[in-house]
Amino acid sequence: MTTDWCGTMIGITGASGPLGRATAELVLRAVDPREVVLTTRTPEALADLATRGARVRQADFDDPRTAAAAFAGVERLLIISTDAVGSRLDQQRAAVAAAAEAGVAHIVYTSVPEPVPANPAVVVADHAGTERALRESGLRWTALRNNLYAHLQIPVIEQAIATGRLVTNSGDGAAAYVAREDCAAAAAAVLTQGGYENRALDITGPAAVTARDLADLARELGGREVELVGVDDHAFAIGLEEAGLPGPVSELFTSFGASTRGGFLAHVSSAVADLTGREPRSFADVVRAARKP
């Protein structure tokens, strides 16, 4: 990763979460750790990064005063969307306002592909509203529209191998599944390189993957035939709930299948390579690596 580093203070929210920590690790390798602010509700979880020189600060988006104080001195800020689907929009609007109050110049935000009303994914409203808040903030902004994480499909592959059936509501649609590590690398690049102001970037894997591709991979890895079973959204949601998933989680995954079916996740971009200088990991490589003992 090359940078034009000149002492800009970088901030990362949610830094104790998987994406936040992965991004923080990359940023800490690229810049002076003393110029990195990591915010979290649980500072003790980042004690190891604090010993490396990072400034760890407590921040809770439900209390904008803590966020404004935590963002003090930060010029480029990565706001990682929280996991409170359906209720996080107010939190994230408050974080944007707190960043403006603290004097942040450029906000980078983790969004989703095509956050438009026609997209049936239940996460769209939160991300669309946050992107709108960014545009209206007067600050420079970059939206990293991360595709679905590849690792979330690993249980699907494992279930297909175990049962010989891959049940899906995604129809003939495709998703450009992306490794979380590639999302982190893209975010770290924007934070450390600068540029990309007032732009939305699709962060994707190298290819769009269909349910048929998933079934073929399961057959290859498991050494058995795998039947592809297409169902409608209602049947898919019921199946997830019968498998033990809570209703809201079932609704979320069902909506991702509907979004895939509608073509909202199929776009493949060169953003990861453009930002990092290397190609993103393929979906099959992510799955194979996860299955190694």
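Look at region 59-73: where a residue is touching a residue at least 60 places away in the same chain (Cβ under 8 Å) and a partner is of a type in the set (D, E, K, R), sitting 6+ places away or on another chain with Cβ atoms under 9 Å, you get 71/57; 71/101; 73/55.
Of the strands (runs of 3 or more DSSP E) lying entirely inside region 159-245, the ones with 2 or more residues being at pLDDT 95 or above, over 18 Å from the mean Cα position of the chain (by Cα) and not polar (S, T, N, Q) are found at 165-168, 227-230. Note on region 246-262: among residues that are farther than 18 Å from residue 85 by Cα and more than 19 Å from the chain's Cα centre (by Cα), the one that is surrounded by the fewest Cβ atoms within 10 Å (Cβ to Cβ) is 262.
Look at (1) within 21 Å of residue 239 (Cα to Cα); (2) out of contact with any Leu (no Cβ under 9 Å at 6 or more places or on another chain) and you find that residue 168 fails only one, number (2).
The number of residues in region 246-293 that are in a helix (DSSP H, G or I), within 26 Å of residue 124 (Cα to Cα) and either in contact with an Asp or Glu (Cβ under 6 Å, 6 or more places away or on another chain) or not charged (D, E, K, R) (or both) comes to 19.
Tell me which residues, restricted to region 65-92, are over 16 Å from residue 41 (Cα atoms) and either modelled with pLDDT under 95 or among the small types (Gly, Ala, Ser) (or both).
72, 73, 85, 86, 87, 89, 90
Among residues of region 131-159 that are at positive phi, those with a beta-carbon under 8 Å from a residue that is assigned to a helix (DSSP H, G or I) at least six positions away or on a different chain give the pairs 138/100.
Is it the case that residue 68 is part of a helix (DSSP H, G or I), aliphatic (A, V, I, L, M) and surrounded by fewer than 16 Cβ atoms within 10 Å (Cβ to Cβ)? No; evaluated as a whole, the condition is false for this residue.
The values are calculated or read from the model by the stated rules, or taken from the named source; none is laboratory data. Values in this document were obtained by computation on a predicted structure and should not be read as measured data. Every residue, glycine as well, gets a Cβ built from its backbone with ideal geometry; the counts of neighbours run over all protein chains shown.
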